[in-house]
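Student: Can you read through this structure? Questions will come right after.
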Ligand code: G3I
Ligand code: 9MR
Ligand code: ZN
């Protein structure tokens, strides 16, 4: 649905009320359709009306209110699942008002997928970027073309740009965060490629015979490959020594250094493990499109695995004088397990399976009802990819499947009980909480991939509804998507350019129960965690954007489109 059409078909008379929360992108025709109502006055009945002519298309009773302790809201639900006729609608509640508009249809998430996946093109480093005629002025010149080895890398000399994506609102590039990000996006292709194959993202490479999602992911894989040292080890990150100001990327005058641990062997085990896993996935995914590139990725993965064998726990902390993102981790065992599992799935070589089977048991608690995968915790990804591989050890696969279905069943139950029908617990309102919601969705969709269960898909999409507007703040947490999106991400290009609206398709970090940036100090002391969010550029602990947050969003959207 083009923005213009959405405005033209805006919801009924007067301004929409944030007290009625809807998925502002819309509801797939065949899925459950529920809006949430936090009415100030007692409300009992609702109507769904067609935008444009305000015709009543459905009437119903609100459910009794249940209290959501994480937001303080007393929430009633409006179930209009019976409505499946494609169109643009809004919900009206007597004495409360009407909602933002939303679409119903078989492909309501195509626009969201386009924006969320194309946002990676906007994050490209090392090249001039221009979002084109739909987004005039959203562009930057080529950036960070010259880099250098930092003394902490044990090497010296200049480094030419190898591309990659800016990590988030900053211009750093980090292998660990690239790991879960590109791994999730490659899994999106592996699980939903049939549905995504023809979706064009209007990239410079579009039309080259390779699906655009793979064209875009390759931009970051190329940079990751350049971070591998001759001994197979992988450097942790490429950033300036400190964060630059809010300038366009080509105006960042700080040197972009390849940064190491500061002592032998200079590379980090977590980065090398994530790298090995991702390159193993890439080796199987790109084989039909570019066998030479696929072979290069496989060799890189196997070289990284060999380095890991000799350096299993070289952890990274920011060395003295470096204050950009750390992506430090207490253990790299999960990254190594992920590498073994992906290498086994790609090659079928016995050594990888032998190592995996000897080490997977202690990772089984990573599949749990509370705490989905995250950049520091990739153990569940290792287990799931093993269970999805051909020719696996039956006992191990049975254990992983049992753990996955038990966790997914518990998440489904919790989601159904949640006043806002989403999967997060109070503890999940952390820095990047929106990605926690999205990764619960990924976990449910992976369980569905292991054994089809429409309850898993419905609960996964409930988390999409949360991110796109059915939340306490009645906000679409994706820039330029929906009638009421957030506007001020902690994102340097959005803050430094002359455009009124931020770069499109970017998921905000979301509410954070801890005041982890100075801007959050102004929030009232008794605010519940689901409301601890500031749509302000300065609030990097609630309103930054990041490539590893958009990735599970893309995965969720693809899963919903493929349904
Ligand atoms: O996991 C614990 C949880 O057990 C505990 O209850 C909770 C209490 O708040 O904290 C949780 O850890 C949080 C962790 O994120 C979760 O992944 C830490 O508080 C929080 O400090 C940490 O924030 C990280 C942030 O950098 C600061 O280090 C984010 O994960 C990470 O996404 C973010 O990454 C930054 C890069 O460094 C630089 N580029 C921007 C990017 C996004 O902000
Ligand atoms: O812009 C930086 C963001 O990417 C990081 O996530 C955040 C936390 O490390 O730091 C931001 O940079 C701020 C720095 O930490 C303090 N001075 C102001 C910087 C811009 O907000
Ligand atoms: Zn750059």
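Student: Go through segment 520-554 and give me each residue that's away from ligand 1 (no atom under 15 Å from the Cβ), more than 20 Å from the chain's Cα centre (by Cα) and closer than 17 Å to residue 485 by Cα.
Tutor: Result: 531, single match.
Student: Can you list residue pairs whose Cβ atoms sit under 9 Å apart, with the first residue in segment 239-264 being within 13 Å of residue 321 (Cβ to Cβ) and the second being modelled with pLDDT under 95 and more than 14 Å from ligand 3 (Cβ to nearest atom)? Count only pairs 6 or more apart in sequence or on different chains.
Tutor: none
Student: In segment 293-307, is there at least one residue being more than 16 Å from ligand 1 (Cβ to nearest atom) and within 20 Å of residue 167 (Cβ to Cβ)?
Tutor: If we filter segment 293-307 for residues that are more than 16 Å from ligand 1 (Cβ to nearest atom), which is where we start, we get 293-307.
Cutting the leftovers down to within 20 Å of residue 167 (Cβ to Cβ) gives us none.
No, every residue in segment 293-307 fails to be more than 16 Å from ligand 1 (Cβ to nearest atom) and within 20 Å of residue 167 (Cβ to Cβ).
Student: Of all residues in segment 217-247, which are within 14 Å of ligand 3 (Cβ to nearest atom) and surrounded by fewer than 24 Cβ atoms within 10 Å (Cβ to Cβ)? Full working, then the answer.
Tutor: Filtering segment 217-247 down to residues within 14 Å of ligand 3 (Cβ to nearest atom) leaves 219-220, 222-223, 226, 237-240, 243-244, 247.
Passing the criteria: 219, 222, 223, 226, 240, 243, 244, 247.
Student: Consider segment 112-143. How many of its residues are more than 23 Å from residue 173 (Cα to Cα) and within 16 Å of ligand 2 (Cβ to nearest atom)?
Tutor: 0
Student: Could you please let me know if residue 193 is closer than 21 Å to residue 544 by Cα, away from ligand 2 (no atom under 16 Å from the Cβ) and in a helix (DSSP H, G or I)?
Tutor: no
Student: Does residue 411 count as in a helix (DSSP H, G or I), without any contact (Cβ under 8 Å) to a residue 60 or more places away in the chain, under 26 Å from residue 181 (Cβ atoms) and not assigned by TED's automatic domain parsing to the domain that holds residue 187? Spell out the reasoning first.
Tutor: Working: in a helix (DSSP H, G or I): yes; without any contact (Cβ under 8 Å) to a residue 60 or more places away in the chain: yes; under 26 Å from residue 181 (Cβ atoms): yes; not assigned by TED's automatic domain parsing to the domain that holds residue 187: yes.
Yes, satisfied.
Student: Quick check on this structure: which one of 525, 510, 559 is crowded, with 20+ Cβ neighbours inside 10 Å, away from ligand 3 (no atom under 16 Å from the Cβ) and in a loop (DSSP other than H, G, I, E, B)? Walk me through how you get there before you give the answer.
Tutor: Numbers: 525 fails: crowded, with 20+ Cβ neighbours inside 10 Å; 559 fails: in a loop (DSSP other than H, G, I, E, B).
Among 525, 510, 559, only 510 is crowded, with 20+ Cβ neighbours inside 10 Å, away from ligand 3 (no atom under 16 Å from the Cβ) and in a loop (DSSP other than H, G, I, E, B).
Student: Residues being within 16 Å of ligand 1 (Cβ to nearest atom) and either assigned to a loop (DSSP other than H, G, I, E, B) or surrounded by fewer than 24 Cβ atoms within 10 Å (Cβ to Cβ) (or both): count how many of those fall in segment 158-183.
Tutor: Residues meeting the conditions: 7.
Student: Still on this structure, please answer the following. Going through segment 513-522 one residue at a time, which ones are away from ligand 2 (no atom under 12 Å from the Cβ) and part of a helix (DSSP H, G or I)?
Tutor: Of segment 513-522, the ones away from ligand 2 (no atom under 12 Å from the Cβ) are 513-515, 520-522.
Within segment 513-522, 520, 521, 522 meet the criteria.
Student: Then there's this: Within segment 153-161, does at least one residue satisfy the condition of being in the same structural domain as residue 324 (by TED's automatic domain parsing) and either at pLDDT below 95 or within 16 Å of ligand 2 (Cβ to nearest atom) (or both)? I'd like the intermediate steps shown before the answer.
Tutor: Filtering segment 153-161 down to residues in the same structural domain as residue 324 (by TED's automatic domain parsing) leaves 153-161.
Filter once more, keeping what is either at pLDDT below 95 or within 16 Å of ligand 2 (Cβ to nearest atom) (or both): 161.
Scanning segment 153-161, I find at least one residue that is in the same structural domain as residue 324 (by TED's automatic domain parsing) and either at pLDDT below 95 or within 16 Å of ligand 2 (Cβ to nearest atom) (or both), so the answer is yes.
Student: Could you check how many residues of segment 463-498 are under 16 Å from residue 419 (Cα atoms) and either part of a loop (DSSP other than H, G, I, E, B) or free of Cβ contacts under 8 Å to residues at least 60 places away in the same chain (or both)?
Tutor: Total meeting the criteria: 7.
Student: Now for a different question. Is it true that residue 244 is more than 30 Å from residue 198 (Cα to Cα) and part of a loop (DSSP other than H, G, I, E, B)?
Tutor: Details: more than 30 Å from residue 198 (Cα to Cα): yes; part of a loop (DSSP other than H, G, I, E, B): yes.
The answer is yes for residue 244.
Student: Suppose we keep only residues that are touching a strand residue (DSSP E or B) at 6+ places or on another chain (Cβ under 6 Å) and either closer than 27 Å to residue 19 by Cβ or part of a loop (DSSP other than H, G, I, E, B) (or both) within segment 528-544. Which one would you say is farthest from ligand 2 (Cβ to nearest atom)? Show your work before the answer.
Tutor: From segment 528-544, those touching a strand residue (DSSP E or B) at 6+ places or on another chain (Cβ under 6 Å) are 537, 540, 543-544; that's our starting set.
Then drop every residue that is not either closer than 27 Å to residue 19 by Cβ or part of a loop (DSSP other than H, G, I, E, B) (or both), which leaves 537, 543.
Values: 537: 8, 543: 11 Å.
The selected residue is 543.
Student: Also, quick follow-up: If I filter segment 501-518 for residues that are outside the structural domain of residue 104 (by TED's automatic domain parsing), under 17 Å from residue 119 (Cα atoms) and without any contact (Cβ under 8 Å) to a residue 40 or more places away in the chain, do I get at least one hit? Even if it seems obvious, please write down each step before you answer.
Tutor: Here is the first cut: in segment 501-518, the ones outside the structural domain of residue 104 (by TED's automatic domain parsing) are 501-518.
Then keep just the ones that are under 17 Å from residue 119 (Cα atoms); that gives 501-509.
With the extra rule that they be without any contact (Cβ under 8 Å) to a residue 40 or more places away in the chain, the set shrinks to 501-502.
The answer is yes, given that some residue of segment 501-518 is outside the structural domain of residue 104 (by TED's automatic domain parsing), under 17 Å from residue 119 (Cα atoms) and without any contact (Cβ under 8 Å) to a residue 40 or more places away in the chain.
Student: On to the next question. If only one of 407, 438 is closer than 23 Å to residue 187 by Cβ and surrounded by 24 or more Cβ atoms within 10 Å (Cβ to Cβ), which one is it?
Tutor: On the way: 407 fails: surrounded by 24 or more Cβ atoms within 10 Å (Cβ to Cβ).
The unique qualifying residue is 438.
The values are calculated or read from the model by the stated rules, or taken from the named source; none is laboratory data. Keep in mind the model is a prediction, meaning the values are calculated, not measured. Methodologically, a virtual Cβ is constructed for each residue, glycine included, from the backbone with ideal geometry; neighbour enumeration extends over all protein chains shown.
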